[in-house]
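Heads up, the thing below is written out as structure tokens.
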């Protein structure tokens, strides 16, 4: 057999105090009524009749996506050894980027006692150094 006890609870909502009876058909019917409604069609701003469904998508502004610094990977024999963070306006200058890659402290230790045979630079992406032992 089941016990049909009614449990009373008090809820504080803002400045109102609400007495609810758990198991009360009145409370259960209110809950099921709210759940049966389509929640997305009833989203409204509490202050006015503003609804997200009545507004257009936000406008795209590419100026916020432009970065001033770019990361360029430095590889030695196909292995990533360093990442250079350089100004966007320097990216087009191959000689400067190659020189920065060669002078990097992390790269210098891998170049000690070795000769650079080839340098491949893909602008804005990677500097790849092919080296061989002396």
Report task. Please work out how much length the chain gains when fully extended from residue 85 to residue 67, using 0.36 nm per residue of separation minus the C-alpha to C-alpha distance, in nm with one decimal. Result -> 5.3 nm
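Rank these for me by crowding, 114, 109, going from fewest to most other beta carbons within 10 Å.
Values: 114 14, 109 9.
Going from least to most buried by this count: 109, 114.
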Requested in this report: Name the shape class, rounded, prolate or oblate, that the alpha-carbon gyration tensor gives for segment 64-133, where a ≥ b ≥ c are the square roots of its eigenvalues, rounded holds for a/c under 1.5, and otherwise prolate holds if a/b is larger than b/c and oblate otherwise.
Outcome: prolate
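Throughout, read-outs are computed from the coordinates displayed, never taken from laboratory work. The shown structure was predicted, so the numbers you read here are calculated from the model rather than taken from an experiment. Cβ atoms come from the backbone with ideal geometry, glycine included; neighbour counts cover every protein chain shown.
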